Amino acid sequence: MSSAPSRRPALRAATVAAVLVAALVPLASRAQVKIGVITSSTGPIALVGIPQRNSIPLLPTEVAGQHIEYIALDDASDPTASVTAARKLIDEDKVDAIIGPGGSANALAVIPFVAEAGVPLFAPVGTAAVVLPMNEQKRWVFKTTQNDDLIARALVDHMRASGVKSAGFIGTADPYGENWLKVFGPLADKAGIRVVSTERFERRDPSMTAQGLKTIAAHPDAVLVAAPGSSAAMPETTLVDLGYKGRIYQTHGAALDDFLRLGGRKVEGTILAASGMLVLDEIPDDNPIKAVAARYVAAYEKLNGSRPATFGANVYDAGLLLQAAIPAALKRGRPGTPEFRSALRDAVEATRELVGTQGIYNLSPQDHSGFDERGRVMLTVKDGHWALLK
(Lines give C-alpha, C1' and ligand atoms only; values in the text may rest on other atoms or scores of the structure.)
Protein backbone atom coordinates (compact mmCIF):
# COMPACT_ATOMS: atom_id res chain seq x y z
CA MET A 1 0.00 0.00 0.00
CA SER A 2 2.78 2.43 0.87
CA SER A 3 4.47 1.98 -2.53
CA ALA A 4 1.42 2.90 -4.69
CA PRO A 5 1.61 6.68 -4.25
CA SER A 6 5.26 6.74 -5.33
CA ARG A 7 4.40 4.99 -8.62
CA ARG A 8 1.63 7.42 -9.64
CA PRO A 9 3.83 10.41 -10.60
CA ALA A 10 6.01 8.18 -12.77
CA LEU A 11 2.94 6.71 -14.45
CA ARG A 12 1.46 10.17 -14.93
CA ALA A 13 4.72 11.45 -16.45
CA ALA A 14 4.90 8.51 -18.84
CA THR A 15 1.30 9.10 -19.89
CA VAL A 16 1.96 12.78 -20.55
CA ALA A 17 5.07 11.92 -22.57
CA ALA A 18 3.12 9.43 -24.65
CA VAL A 19 0.43 12.03 -25.34
CA LEU A 20 3.06 14.57 -26.39
CA VAL A 21 4.72 12.12 -28.75
CA ALA A 22 1.36 11.19 -30.25
CA ALA A 23 0.57 14.87 -30.76
CA LEU A 24 3.92 15.64 -32.34
CA VAL A 25 3.82 12.87 -34.93
CA PRO A 26 0.84 14.19 -36.89
CA LEU A 27 2.21 17.74 -36.63
CA ALA A 28 5.44 16.61 -38.24
CA SER A 29 3.62 14.81 -41.01
CA ARG A 30 1.54 17.90 -41.72
CA ALA A 31 4.36 20.45 -41.79
CA GLN A 32 3.15 23.60 -43.50
CA VAL A 33 4.55 24.95 -46.75
CA LYS A 34 4.97 28.73 -46.67
CA ILE A 35 5.00 30.73 -49.90
CA GLY A 36 5.66 34.47 -49.97
CA VAL A 37 4.01 36.61 -52.65
CA ILE A 38 5.26 40.11 -53.50
CA THR A 39 3.03 42.20 -55.76
CA SER A 40 3.11 45.78 -56.98
CA SER A 41 -0.57 46.39 -56.33
CA THR A 42 0.05 50.09 -55.74
CA GLY A 43 2.36 52.53 -57.51
CA PRO A 44 3.25 53.01 -61.20
CA ILE A 45 2.89 49.34 -62.21
CA ALA A 46 -0.30 48.67 -60.25
CA LEU A 47 -2.06 47.57 -63.43
CA VAL A 48 0.38 44.65 -63.39
CA GLY A 49 0.25 44.05 -59.66
CA ILE A 50 -3.49 44.20 -59.00
CA PRO A 51 -4.44 41.13 -61.09
CA GLN A 52 -1.45 39.32 -59.56
CA ARG A 53 -2.64 40.13 -56.04
CA ASN A 54 -6.21 39.15 -56.95
CA SER A 55 -4.98 35.77 -58.19
CA ILE A 56 -3.47 34.70 -54.86
CA PRO A 57 -6.75 33.20 -53.52
CA LEU A 58 -6.83 30.95 -56.61
CA LEU A 59 -3.50 29.28 -55.82
CA PRO A 60 -3.47 25.70 -54.47
CA THR A 61 -3.93 25.49 -50.69
CA GLU A 62 -3.01 21.83 -50.18
CA VAL A 63 -0.63 19.56 -52.05
CA ALA A 64 0.27 15.98 -51.11
CA GLY A 65 -1.34 16.41 -47.70
CA GLN A 66 0.60 19.60 -46.95
CA HIS A 67 -1.24 22.82 -46.23
CA ILE A 68 0.11 25.84 -48.12
CA GLU A 69 0.10 29.27 -46.48
CA TYR A 70 0.55 32.37 -48.64
CA ILE A 71 2.04 35.52 -47.12
CA ALA A 72 1.34 38.49 -49.40
CA LEU A 73 3.19 41.82 -49.35
CA ASP A 74 2.91 44.93 -51.53
CA ASP A 75 6.13 46.65 -52.66
CA ALA A 76 4.34 49.75 -54.04
CA SER A 77 6.27 49.27 -57.32
CA ASP A 78 9.51 50.22 -55.53
CA PRO A 79 12.54 47.89 -55.99
CA THR A 80 13.93 48.93 -52.60
CA ALA A 81 10.65 47.92 -50.96
CA SER A 82 10.81 44.65 -52.91
CA VAL A 83 14.13 43.84 -51.25
CA THR A 84 12.73 44.71 -47.82
CA ALA A 85 9.73 42.45 -48.44
CA ALA A 86 11.88 39.57 -49.70
CA ARG A 87 14.20 39.78 -46.68
CA LYS A 88 11.23 39.77 -44.32
CA LEU A 89 9.74 36.72 -46.01
CA ILE A 90 13.09 34.91 -45.88
CA ASP A 91 14.35 35.93 -42.44
CA GLU A 92 11.14 36.27 -40.42
CA ASP A 93 8.50 34.17 -42.15
CA LYS A 94 10.92 31.41 -43.23
CA VAL A 95 9.16 30.89 -46.56
CA ASP A 96 9.94 27.95 -48.82
CA ALA A 97 9.53 29.94 -52.04
CA ILE A 98 8.56 33.41 -53.25
CA ILE A 99 6.26 34.41 -56.12
CA GLY A 100 7.02 37.89 -57.44
CA PRO A 101 7.82 40.73 -57.53
CA GLY A 102 5.89 41.73 -60.63
CA GLY A 103 8.23 44.40 -61.98
CA SER A 104 11.40 43.59 -63.89
CA ALA A 105 13.62 45.95 -61.87
CA ASN A 106 11.99 44.73 -58.66
CA ALA A 107 12.65 41.08 -59.44
CA LEU A 108 16.25 41.73 -60.42
CA ALA A 109 16.80 43.54 -57.12
CA VAL A 110 15.78 40.57 -54.97
CA ILE A 111 17.68 37.83 -56.84
CA PRO A 112 20.90 38.12 -54.80
CA PHE A 113 18.95 37.70 -51.57
CA VAL A 114 16.88 34.67 -52.59
CA ALA A 115 19.96 33.03 -54.07
CA GLU A 116 21.99 33.56 -50.90
CA ALA A 117 19.15 32.11 -48.81
CA GLY A 118 18.50 29.23 -51.21
CA VAL A 119 14.83 30.15 -51.72
CA PRO A 120 13.26 29.52 -55.16
CA LEU A 121 11.82 32.63 -56.80
CA PHE A 122 9.00 32.54 -59.37
CA ALA A 123 9.31 35.77 -61.34
CA PRO A 124 6.12 36.80 -63.19
CA VAL A 125 7.96 39.48 -65.16
CA GLY A 126 8.62 40.29 -68.77
CA THR A 127 12.37 40.65 -68.99
CA ALA A 128 14.45 37.55 -69.63
CA ALA A 129 17.28 39.18 -67.66
CA VAL A 130 16.00 37.46 -64.51
CA VAL A 131 16.98 34.07 -65.93
CA LEU A 132 19.54 34.92 -68.63
CA PRO A 133 22.42 34.58 -68.80
CA MET A 134 22.14 31.67 -66.39
CA ASN A 135 24.49 31.80 -63.41
CA GLU A 136 24.71 30.59 -59.80
CA GLN A 137 22.26 33.23 -58.59
CA LYS A 138 19.71 32.90 -61.39
CA ARG A 139 19.52 29.13 -61.01
CA TRP A 140 17.15 29.90 -58.11
CA VAL A 141 14.82 31.89 -60.38
CA PHE A 142 12.01 30.60 -62.60
CA LYS A 143 10.17 32.88 -65.01
CA THR A 144 6.46 32.40 -65.64
CA THR A 145 6.23 34.54 -68.76
CA GLN A 146 7.46 34.07 -72.30
CA ASN A 147 11.05 35.18 -72.82
CA ASP A 148 11.49 38.33 -74.87
CA ASP A 149 13.21 36.54 -77.75
CA LEU A 150 10.24 34.20 -78.24
CA ILE A 151 7.88 37.16 -78.61
CA ALA A 152 10.38 39.27 -80.56
CA ARG A 153 10.90 36.57 -83.20
CA ALA A 154 7.17 36.52 -83.90
CA LEU A 155 7.05 40.32 -84.25
CA VAL A 156 10.11 40.49 -86.49
CA ASP A 157 8.78 37.66 -88.68
CA HIS A 158 5.56 39.62 -89.13
CA MET A 159 7.44 42.82 -89.92
CA ARG A 160 9.52 41.09 -92.57
CA ALA A 161 6.49 39.38 -94.11
CA SER A 162 4.71 42.76 -94.21
CA GLY A 163 7.55 44.44 -96.06
CA VAL A 164 8.90 46.51 -93.17
CA LYS A 165 12.44 47.70 -93.98
CA SER A 166 13.03 50.12 -91.13
CA ALA A 167 11.82 50.36 -87.55
CA GLY A 168 11.85 52.76 -84.66
CA PHE A 169 12.14 51.62 -81.05
CA ILE A 170 10.60 53.29 -77.99
CA GLY A 171 11.23 51.53 -74.69
CA THR A 172 11.18 52.13 -70.98
CA ALA A 173 14.46 53.17 -69.39
CA ASP A 174 14.58 50.12 -67.17
CA PRO A 175 15.54 46.43 -67.45
CA TYR A 176 12.38 45.65 -69.43
CA GLY A 177 13.14 48.17 -72.17
CA GLU A 178 16.88 47.50 -72.07
CA ASN A 179 16.50 43.78 -72.64
CA TRP A 180 13.96 44.29 -75.41
CA LEU A 181 16.34 46.57 -77.30
CA LYS A 182 19.11 44.02 -76.78
CA VAL A 183 16.92 41.25 -78.23
CA PHE A 184 15.09 43.18 -80.95
CA GLY A 185 18.10 44.89 -82.55
CA PRO A 186 19.99 41.76 -83.68
CA LEU A 187 16.80 39.97 -84.77
CA ALA A 188 15.74 42.97 -86.85
CA ASP A 189 19.19 43.28 -88.40
CA LYS A 190 19.20 39.61 -89.34
CA ALA A 191 15.81 40.07 -91.01
CA GLY A 192 17.07 43.03 -93.06
CA ILE A 193 15.22 45.61 -90.96
CA ARG A 194 17.20 48.72 -89.96
CA VAL A 195 16.54 50.20 -86.52
CA VAL A 196 16.64 53.88 -87.44
CA SER A 197 15.72 55.42 -84.08
CA THR A 198 15.94 54.44 -80.43
CA GLU A 199 14.10 56.41 -77.75
CA ARG A 200 13.74 55.77 -74.03
CA PHE A 201 11.35 57.08 -71.40
CA GLU A 202 10.54 56.80 -67.71
CA ARG A 203 7.25 55.24 -66.71
CA ARG A 204 6.26 58.37 -64.80
CA ASP A 205 7.01 60.76 -67.69
CA PRO A 206 4.04 63.11 -68.22
CA SER A 207 4.70 63.54 -71.95
CA MET A 208 6.17 61.58 -74.85
CA THR A 209 6.14 64.39 -77.41
CA ALA A 210 9.92 64.73 -77.68
CA GLN A 211 10.45 61.01 -78.21
CA GLY A 212 7.56 60.88 -80.65
CA LEU A 213 8.88 63.73 -82.78
CA LYS A 214 12.37 62.23 -82.95
CA THR A 215 10.94 58.86 -83.93
CA ILE A 216 8.77 60.29 -86.70
CA ALA A 217 11.71 62.35 -88.00
CA ALA A 218 13.59 59.09 -88.69
CA HIS A 219 10.75 57.95 -91.03
CA PRO A 220 10.49 54.32 -89.83
CA ASP A 221 8.11 51.96 -91.62
CA ALA A 222 7.04 50.62 -88.21
CA VAL A 223 7.61 51.35 -84.52
CA LEU A 224 8.01 48.86 -81.69
CA VAL A 225 6.97 50.04 -78.23
CA ALA A 226 8.55 48.01 -75.43
CA ALA A 227 6.88 48.92 -72.15
CA PRO A 228 4.95 46.96 -69.51
CA GLY A 229 1.44 47.65 -68.23
CA SER A 230 -0.10 51.11 -68.46
CA SER A 231 3.17 52.67 -69.64
CA ALA A 232 2.71 50.98 -73.04
CA ALA A 233 -0.20 53.20 -74.03
CA MET A 234 1.22 56.74 -74.04
CA PRO A 235 4.02 56.20 -76.60
CA GLU A 236 1.51 54.84 -79.10
CA THR A 237 -1.21 57.43 -78.51
CA THR A 238 1.43 60.17 -78.79
CA LEU A 239 2.65 58.85 -82.14
CA VAL A 240 -0.92 58.82 -83.44
CA ASP A 241 -1.56 62.35 -82.15
CA LEU A 242 1.60 63.53 -83.93
CA GLY A 243 0.37 62.07 -87.21
CA TYR A 244 2.43 58.90 -87.54
CA LYS A 245 0.87 56.63 -90.17
CA GLY A 246 3.10 53.55 -89.97
CA ARG A 247 2.36 50.29 -88.23
CA ILE A 248 2.83 50.11 -84.45
CA TYR A 249 3.86 46.93 -82.65
CA GLN A 250 3.75 46.21 -78.94
CA THR A 251 5.33 43.57 -76.72
CA HIS A 252 3.48 41.16 -74.45
CA GLY A 253 3.85 43.84 -71.76
CA ALA A 254 0.81 45.54 -73.30
CA ALA A 255 -1.34 42.40 -73.18
CA LEU A 256 -4.06 43.64 -70.84
CA ASP A 257 -7.51 45.11 -71.30
CA ASP A 258 -6.46 48.33 -69.56
CA PHE A 259 -4.19 49.02 -72.54
CA LEU A 260 -7.31 49.04 -74.70
CA ARG A 261 -9.09 51.32 -72.24
CA LEU A 262 -6.21 53.78 -71.95
CA GLY A 263 -5.49 53.87 -75.69
CA GLY A 264 -9.04 53.88 -77.01
CA ARG A 265 -9.38 54.24 -80.77
CA LYS A 266 -5.76 55.38 -81.06
CA VAL A 267 -4.49 51.83 -80.49
CA GLU A 268 -6.76 50.29 -83.12
CA GLY A 269 -4.72 48.04 -85.40
CA THR A 270 -1.88 47.51 -82.91
CA ILE A 271 -0.01 44.24 -83.44
CA LEU A 272 1.56 42.16 -80.70
CA ALA A 273 2.42 38.61 -79.77
CA ALA A 274 1.25 37.19 -76.44
CA SER A 275 -0.47 34.19 -74.93
CA GLY A 276 -3.79 33.04 -76.31
CA MET A 277 -5.54 33.79 -73.03
CA LEU A 278 -6.70 37.12 -74.44
CA VAL A 279 -8.61 35.43 -77.28
CA LEU A 280 -9.77 32.15 -75.75
CA ASP A 281 -12.97 32.08 -77.81
CA GLU A 282 -10.91 32.06 -81.02
CA ILE A 283 -8.50 29.29 -79.99
CA PRO A 284 -9.35 25.71 -81.10
CA ASP A 285 -10.75 23.49 -78.36
CA ASP A 286 -7.99 20.93 -78.85
CA ASN A 287 -5.36 23.45 -77.76
CA PRO A 288 -4.42 22.18 -74.24
CA ILE A 289 -3.76 25.71 -72.98
CA LYS A 290 -7.38 26.69 -73.59
CA ALA A 291 -8.90 24.50 -70.86
CA VAL A 292 -6.40 25.59 -68.20
CA ALA A 293 -6.70 29.27 -69.09
CA ALA A 294 -10.50 29.06 -69.20
CA ARG A 295 -10.61 27.58 -65.68
CA TYR A 296 -8.42 30.38 -64.40
CA VAL A 297 -10.42 33.11 -66.14
CA ALA A 298 -13.74 31.72 -64.86
CA ALA A 299 -12.44 31.45 -61.28
CA TYR A 300 -10.96 34.95 -61.40
CA GLU A 301 -14.17 36.45 -62.77
CA LYS A 302 -16.25 34.72 -60.10
CA LEU A 303 -13.99 36.03 -57.35
CA ASN A 304 -13.29 39.53 -58.63
CA GLY A 305 -16.12 40.38 -61.02
CA SER A 306 -13.80 41.20 -63.92
CA ARG A 307 -11.56 39.47 -66.45
CA PRO A 308 -7.92 39.06 -65.47
CA ALA A 309 -4.93 40.42 -67.32
CA THR A 310 -2.29 37.93 -68.36
CA PHE A 311 -0.13 39.26 -65.53
CA GLY A 312 -2.41 37.56 -63.03
CA ALA A 313 -2.15 34.32 -64.96
CA ASN A 314 1.61 34.43 -64.52
CA VAL A 315 1.11 34.16 -60.75
CA TYR A 316 -1.46 31.40 -61.25
CA ASP A 317 1.05 29.44 -63.35
CA ALA A 318 3.60 29.74 -60.54
CA GLY A 319 1.05 27.93 -58.39
CA LEU A 320 0.75 25.18 -60.99
CA LEU A 321 4.53 24.74 -61.03
CA LEU A 322 4.62 24.53 -57.24
CA GLN A 323 1.73 22.07 -57.20
CA ALA A 324 3.62 19.78 -59.56
CA ALA A 325 6.98 20.07 -57.77
CA ILE A 326 6.05 19.86 -54.07
CA PRO A 327 5.36 16.08 -53.99
CA ALA A 328 8.86 15.31 -55.28
CA ALA A 329 10.45 17.84 -52.92
CA LEU A 330 8.73 16.27 -49.90
CA LYS A 331 10.64 13.05 -50.53
CA ARG A 332 13.92 14.83 -49.79
CA GLY A 333 13.03 17.20 -46.97
CA ARG A 334 10.43 18.73 -44.69
CA PRO A 335 8.92 22.16 -45.44
CA GLY A 336 10.80 24.90 -43.69
CA THR A 337 14.20 23.29 -44.16
CA PRO A 338 17.05 24.04 -46.59
CA GLU A 339 16.76 20.48 -47.87
CA PHE A 340 13.15 21.01 -48.89
CA ARG A 341 13.84 24.33 -50.60
CA SER A 342 16.74 22.86 -52.54
CA ALA A 343 14.66 19.85 -53.53
CA LEU A 344 11.83 22.17 -54.57
CA ARG A 345 14.19 24.08 -56.86
CA ASP A 346 15.41 20.83 -58.42
CA ALA A 347 11.87 19.52 -58.91
CA VAL A 348 10.71 22.69 -60.64
CA GLU A 349 13.75 22.61 -62.92
CA ALA A 350 12.77 19.07 -63.94
CA THR A 351 9.27 20.12 -65.07
CA ARG A 352 8.25 18.65 -68.41
CA GLU A 353 5.14 19.33 -70.54
CA LEU A 354 3.25 21.13 -67.76
CA VAL A 355 0.29 22.94 -69.31
CA GLY A 356 -0.28 26.41 -67.90
CA THR A 357 -2.43 29.38 -68.81
CA GLN A 358 0.38 31.00 -70.78
CA GLY A 359 1.94 28.03 -72.52
CA ILE A 360 3.54 24.65 -71.91
CA TYR A 361 6.51 24.50 -69.55
CA ASN A 362 9.59 22.43 -70.35
CA LEU A 363 12.31 23.56 -67.97
CA SER A 364 15.97 22.62 -67.85
CA PRO A 365 19.17 23.79 -66.13
CA GLN A 366 19.74 26.14 -69.06
CA ASP A 367 16.12 27.29 -69.58
CA HIS A 368 14.14 28.53 -66.57
CA SER A 369 11.23 29.87 -68.62
CA GLY A 370 10.60 26.85 -70.79
CA PHE A 371 8.10 28.19 -73.31
CA ASP A 372 8.07 27.39 -77.01
CA GLU A 373 5.92 28.65 -79.89
CA ARG A 374 2.86 27.04 -78.31
CA GLY A 375 2.97 29.86 -75.76
CA ARG A 376 2.30 32.71 -78.18
CA VAL A 377 -0.19 33.87 -80.80
CA MET A 378 -0.26 36.95 -82.99
CA LEU A 379 -2.88 39.47 -81.91
CA THR A 380 -4.30 42.77 -83.07
CA VAL A 381 -6.74 45.33 -81.74
CA LYS A 382 -9.98 45.23 -83.72
CA ASP A 383 -13.05 47.32 -82.87
CA GLY A 384 -11.65 47.97 -79.40
CA HIS A 385 -11.05 44.30 -78.58
CA TRP A 386 -8.25 41.78 -78.83
CA ALA A 387 -8.48 39.50 -81.86
CA LEU A 388 -6.34 36.84 -83.48
CA LEU A 389 -4.33 38.33 -86.31
CA LYS A 390 -5.39 36.60 -89.51
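The values are calculated or read from the model by the stated rules, or taken from the named source; none is laboratory data. What you are looking at is a predicted structure, and each value in this text was computed from that prediction instead of being measured. Ideal geometry is used to build each Cβ from the backbone, glycine not excepted, and the neighbour counts take in all protein chains shown. With ligands, DNA and RNA removed, areas are computed over all heavy atoms of the protein, side chains included. Shrake-Rupley method; radii C 1.70, N 1.55, O 1.52, S 1.80 Å.
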>> Against the condition in a loop (DSSP other than H, G, I, E, B), out of contact with any helix residue (DSSP H, G or I) (no Cβ under 7 Å at 6 or more places or on another chain) and either without any contact (Cβ under 8 Å) to a residue 40 or more places away in the chain or not charged (D, E, K, R) (or both), how does Asp281 come out, does it pass?
In response: no
>> Considering only the stretch 129-137, I want to know if a residue exists there that is more than 27 Å from Glu373 (Cα to Cα) and of a type in the set (A, V, I, L, M).
In response: no
> Taking the stretch 364-375 only, how many residues are crowded, with 22+ Cβ neighbours inside 10 Å and touching a residue at least 40 places away in the same chain (Cβ under 8 Å)?
Replying inline: 4
> Across the stretch 377-390, which residue is nearest to Val141 (Cα to Cα) among those that are open to solvent by 50 Å² or more (accessible area, probe 1.4 Å) and assigned to a loop (DSSP other than H, G, I, E, B)?
Replying inline: Leu389
> What residue, among those in the stretch 27-46 that are open to solvent by 40 Å² or more (accessible area, probe 1.4 Å) and not in a loop (DSSP other than H, G, I, E, B), is modelled with the highest pLDDT?
Replying inline: Lys34
> For the stretch 195-219, how many residues meet the condition of being open to solvent by 10 Å² or more (accessible area, probe 1.4 Å) and in a loop (DSSP other than H, G, I, E, B)?
Replying inline: 8
> Among (1) more than 23 Å from Thr172 (Cα to Cα); (2) surrounded by 21 or more Cβ atoms within 10 Å (Cβ to Cβ), where does Asn314 come up short?
Replying inline: (1)
> Do you know which residues across the stretch 325-353 are open to solvent by 60 Å² or more (accessible area, probe 1.4 Å) and within 23 Å of His67 (Cβ to Cβ)?
Replying inline: Lys331, Arg332, Arg334, Pro338, Glu339
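Rundown of residues vs (1) closer than 16 Å to Ser40 by Cβ; (2) in contact with an Asp or Glu (Cβ under 9 Å, 6 or more places away or on another chain), yes/no style:
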{"site": "Ile99", "(1), (2)": "yes, no"}
{"site": "Ala105", "(1), (2)": "yes, yes"}
{"site": "Leu108", "(1), (2)": "yes, no"}
{"site": "Pro112", "(1), (2)": "no, no"}
{"site": "Gly118", "(1), (2)": "no, no"}
{"site": "Gly126", "(1), (2)": "yes, yes"}
{"site": "Asn135", "(1), (2)": "no, no"}
{"site": "Lys138", "(1), (2)": "no, no"}
{"site": "Thr145", "(1), (2)": "yes, yes"}
> Does the stretch 268-275 contain any residue that is closer than 20 Å to Leu389 by Cβ and among the acidic types (Asp, Glu)?
Replying inline: yes
>> Of everything in the stretch 275-303, what is open to solvent by less than 10 Å² (accessible area, probe 1.4 Å), of a type in the set (A, V, I, L, M) and modelled with pLDDT under 95? Give them in sequence order.
In response: Met277
> In the stretch 49-149, which strands (runs of 3 or more DSSP E) lie fully inside it and hold 1 or more residues that are modelled with pLDDT of 95 or more, on the phi < 0 side of the Ramachandran plot and more than 13 Å from the chain's Cα centre (by Cα)?
Replying inline: 66-74, 97-99
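Within the stretch 117-134, can you find the residues that are open to solvent by 30 Å² or more (accessible area, probe 1.4 Å) and touching a helix residue (DSSP H, G or I) at 6+ places or on another chain (Cβ under 9 Å)?
Ala117, Leu132
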> Give me the pairs: first residue in the stretch 238-257 and farther than 16 Å from Ser207 by Cα and touching a residue at least 40 places away in the same chain (Cβ under 8 Å), second residue surrounded by fewer than 23 Cβ atoms within 10 Å (Cβ to Cβ) and basic (Lys, Arg), beta-carbon distance under 7 Å, and six or more apart or on different chains, which are they?
Replying inline: Asp257/Arg307
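Does Ser306 satisfy the criteria of being on the phi < 0 side of the Ramachandran plot and surrounded by 15 or more Cβ atoms within 10 Å (Cβ to Cβ)?
No, not satisfied.
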> Which of the residues that make up the stretch 179-230 are more than 29 Å from the chain's Cα centre (by Cα), in contact (Cβ under 8 Å) with a residue 40 or more places away in the chain and within 17 Å of His158 (Cα to Cα)?
Replying inline: Pro220, Asp221
